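Colleague: The structure that follows is given in the form of structure tokens.
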Amino acid sequence: MNIQHLKRTNTGYLNTPLEFMPALTKELGKGRLYIKRDDLTGLALGGNKVRKLDYIVQYALENGYTALMTFGGAQTNHGRLTAAAAIRNGLKPIVVLKDAKPDYMSGNLLLDRLMGCDLYFVDTSAADALPEAERNAAKQQYLDTCAANIIADYAAKGEKVLSIPVGGQTVIGAAGYVQAVPEIMRQMEAQEIHAKHLVVGYGSTGTFAGLWAGAKYYNAPFEVIGIPIEPDYRPVRETSDFINELSQAFELGFTCHPEDLRLEYGDGESFYGGIGYNEPDPITETYIGLLARTEAIFLDPCYTGKAFHGFVDLVRREIIPPEDGAIFVHTGGFPALWTKEHLDAMQAMYWSDEEQDHVHRMTLGLG
């Protein structure tokens, strides 16, 4: 099917702002810098998954599904937004979390519970004792078994469950970001923005792949650059294969090779993906503070903080030349700022030195 004919629901808001960042541009002094605000997609505090869910929910409704089930870590943003999209469309929300249940509820888990989402914690930590070659396979096998049992349980109750992969990484979902490209191009034309690079996080890769495919199909004036958000990032070959699935499914008319894709990793202590998936690290926390201090825009410590680290480093080192201009895609996720592990980690940087933190005590004395 040609992508122009693909139907979608309206789970959130499109035409999110494309904004100039004057204070950050001034501070870095390396050309004009912009931000695409896909943290403002509206549904359940927003985020990039909303564009994907527009198409996934449409598919579910057209095919008689009564429940949406997806997967992720305990603080999955995609899980929160999938649950919200399900509720908005009269479907049952189910999220399968690849972690042990934490003792303390925080961040996205609070939002999931407020929405009445059905949560399943799948603890695979016992497999950590296995040799590395066996570990991941054992974890995936147990997760698959649990997912099949969950679907069977709901089926016995008369529910038809649509199982959605991590991050909404499906051909149908990625259509949301193919179609985001003409929106960005219209905004660039209306605001006379000249930017040759568009930088976005590279995780489950549906967003990156959709943007790359859309830029190719619509002949966008910018190159899409991916920033891996963890050391164990998806192989580039898998992403190019997925882009070719998109091209074939939606009649885009091109072939993508691994060498066509541009990822920027950083190196050494400045590896943009940090020390691990959703693991606190002070470098990412510094870049979260930089955007908040200059533009009053909040990032998250798992995805966008790391992607922004890459964006700023590429600009500072003039790997993105100053005359080119660049756009950073903010994909949302800031509820992670209020998870216990990240709050604990940021105490030292932002709450331990009153003079440095600009925190002042003024105490009323009587008598």
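The values are calculated or read from the model by the stated rules, or taken from the named source; none is laboratory data. As the structure is a prediction and not an experimental result, all values here were calculated from the model. Note that we place each Cβ from the backbone using ideal geometry, even for glycine, and neighbour counts take in every protein chain shown. When the accessible area is computed, the model is the full protein with side chains, heavy atoms only, and any ligands, DNA or RNA have been set aside. Shrake-Rupley method; radii C 1.70, N 1.55, O 1.52, S 1.80 Å.
Colleague: With charges only on Cβ, +1 for K and R and -1 for D and E, what is the dipole size of the stretch 56-206 about its Cα centre, in debye, rounded to 20?
Modeller: The dipole of the stretch 56-206 has a size of about 260 debye.
Colleague: Moving on. Mind checking which of Ala175, Leu198, Asn77 is farthest towards the positive end of the chain's charge dipole, using Cβ charges of +1 (Lys, Arg) and -1 (Asp, Glu) about the Cα centre?
Modeller: Ala175
Colleague: Report the paramagnetic label zone for Asp353: residues of the stretch 267-283 whose backbone N is under 20 Å from a point 7 Å from Cα along the Cα-to-Cβ axis.
Modeller: Zone members listed by number: 281-283.
Colleague: Further question on the same structure: In debye to the nearest 20, how big a dipole does the stretch 150-198 give about its Cα centre with +1 on each Lys and Arg Cβ and -1 on each Asp and Glu Cβ?
Modeller: 120
Colleague: In whole Å, how far is the Cα centre of the stretch 201-277 from that of the stretch 67-130?
Modeller: 26
Colleague: At what distance in nm do the modelled label points of Arg186 and Asp153 sit from each other, each positioned 7 Å from its Cα along Cα→Cβ?
Modeller: 4.4
Colleague: Moving to a separate point now. Mind jotting down the distance between the C-alpha centroids of the stretch 153-180 and the stretch 342-361, whole Å?
Modeller: With the stretch 342-361 and the stretch 153-180 each reduced to a Cα centre, they are spaced 41 Å.
Colleague: Let me know the volume per residue of the alpha-carbon convex hull for the stretch 81-236, in Å³.
Modeller: Spread over its residues, the Cα hull of the stretch 81-236 gives 164 Å³ apiece.
Colleague: Here's another thing I want to ask about it. Roughly how many Å² is the accessible area per residue of the chain, as a whole number, for a 1.4 Å probe?
Modeller: 47
Colleague: Please list the three semi-axes, largest first and in whole Å, of the ellipsoid equivalent to the stretch 143-300, using sqrt of 5 times the eigenvalues of its alpha carbon gyration tensor.
Modeller: Gyration-tensor ellipsoid for the stretch 143-300: 29, 24, 17 Å.
Colleague: Next up: For Lys26 and Arg113 in the same chain, what is the full-extension length gain: residue separation times 0.36 nm, less their Cα-Cα distance, in nm?
Modeller: 27.1 nm
Colleague: Go through Ile297, Phe250, Thr239 and say which Cα lies farthest out towards the positive end of the charge dipole of the stretch 235-336; charges sit on Cβ, +1 for Lys and Arg, -1 for Asp and Glu.
Modeller: Most positive-ward Cα: Ile297.
Colleague: Shifting gears a bit: Give the span of the stretch 1-111's Cα atoms along each principal axis, as three whole-Å numbers ordered largest to smallest.
Modeller: 52, 46, 20
Colleague: Okay, next question. Apply the Karplus parameterisation 6.51 cos²θ - 1.76 cosθ + 1.60, with θ equal to phi minus 60°, to every residue of the stretch 261-272 and state each ³J(HN,Hα) to the nearest whole Hz, in sequence, with x for glycine and proline.
Modeller: Going residue by residue, I get 8, 10, 10, 10, 10, x, 8, x, 5, 9, 4, 5 Hz, with x marking Gly and Pro.
Colleague: For the stretch 98-106, what does the Karplus curve 6.51 cos²θ - 1.76 cosθ + 1.60, with θ = phi - 60°, yield as ³J(HN,Hα) per residue in whole Hz, taken in order and with x for Gly and Pro?
Modeller: Karplus-based 3J(HN,Hα) across the stretch 98-106 equals 8, 7, 6, 5, x, 5, 10, 8, 7 Hz.
Colleague: Mind listing which GluC sites (Glu not before Pro) in the stretch 270-338 are in a DSSP loop and have 15 or fewer other Cβ atoms within 10 Å?
Modeller: Glu318, Glu323
Colleague: OK, next. Would you mind checking the radius of gyration and Dmax of the stretch 144-189 based on alpha-carbon positions, in Å?
Modeller: Gyration radius and largest Cα-Cα distance of the stretch 144-189: 17.3, 53 Å.
Colleague: Now, a different point. For the chain, with only Lys/Arg (+1) and Asp/Glu (-1) charged at the beta-carbon, what is the dipole magnitude about the Cα centre, in debye rounded to 20?
Modeller: 1220
Colleague: If I take all pairs of Cα atoms in the stretch 210-367, what percentage of them are more than 28 Å from each other?
Modeller: 34
Colleague: Express the relative contact order of the stretch 50-183 as a whole percentage, based on alpha carbon pairs under 8 Å and six or more residues apart in sequence.
Modeller: This gives 35 percent for the stretch 50-183.
Colleague: Moving to a separate point now. Let me check against my output: what whole-number percent is the relative contact order of the stretch 231-328, with C-alpha pairs under 8 Å and at least 6 apart?
Modeller: In percent, rounded to a whole number, it is 20.
Colleague: Starting at the first residue of the stretch 303-313, write each ³J(HN,Hα) from the Karplus equation 6.51 cos²θ - 1.76 cosθ + 1.60 with θ = phi - 60°, in whole Hz, x for Gly and Pro.
Modeller: Listing the rounded values in order: 10, 5, x, 6, 5, 5, 3, x, 4, 5, 5 Hz.
Colleague: For the stretch 283-367, take N as its residue count and report Rg(C-alpha) divided by 2.2 N^0.38 Å.
Modeller: 1.40
Colleague: Further, regarding this structure: Check which residues have an amide H placed less than 5 Å from Leu263's amide H, if you skip close sequence neighbours.
Modeller: Gly226
Colleague: Where the eigenvalues come from the Cα gyration tensor of the stretch 200-244, what are the semi-axes √(5λ) of the equivalent ellipsoid, largest first, in whole Å?
Modeller: Largest first, the stretch 200-244 gives 19, 12, 7 Å.
Colleague: Quick one, can you get me the convex hull of the C-alpha atoms of the stretch 256-308 expressed as volume per residue in Å³?
Modeller: 103
Colleague: For Arg293, Arg37, Arg135, give the ranking by accessible area with the largest first, probe 1.4 Å.
Modeller: Arg293, Arg135, Arg37
Colleague: At a probe size of 1.4 Å, how large is the accessible area of His257, to the nearest 10 Å²?
Modeller: Taking all protein chains as shown, His257 has close to 90 Å².
Colleague: When you have a sec, figure out the Kirkwood radius of the stretch 47-91 from all distinct Cα pair distances and drop it here in Å to one decimal?
Modeller: 10.6
Colleague: Once the whole set of protein chains is in place, how much accessible area is left on Lys216, using a 1.4 Å probe, in Å² to the nearest 10?
Modeller: 110
Colleague: Beyond 25 Å between alpha-carbons counts as too far, so tell me which of Lys26/Lys49; Lys160/Lys216; Lys36/Lys216 fall in that bin.
Modeller: Lys26/Lys49; Lys160/Lys216
Colleague: Note down the accessible area of Glu132, probe 1.4 Å, to the nearest 10 Å².
Modeller: Using a 1.4 Å probe on the heavy atoms, I get roughly 140 Å².
Colleague: Under the rule of at least 5 residues apart or a separate chain, name every residue whose amide H is placed under 5 Å from the amide H of Val199.
Modeller: So Val199 has HN proximity to Ile225, Ile327, Phe328, Val329.
Colleague: Shifting gears a bit: Please compute the contact order of the chain in relative form: average sequence separation of alpha-carbon pairs under 8 Å and at least six residues apart, divided by the residue count, as a percent.
Modeller: 20
Colleague: Next up: At 7 Å along Cα-to-Cβ for each site, give me the label-to-label distance between Glu279 and Leu366 in nm.
Modeller: Distance between the two pseudo-spin positions: 5.2 nm.
Colleague: Test of understanding: what is the full-extension gain from Asn136 to Phe254, defined as 0.36 nm times their sequence separation minus their Cα-Cα distance?
Modeller: Extra length available between Asn136 and Phe254 comes to 39.1 nm.
Colleague: Whole percent per 10 Å bin, from 0 to the bin with the longest distance: what is P(r) over all C-alpha pairs of the chain?
Modeller: 5, 23, 33, 25, 10, 3, 1, 0, 0
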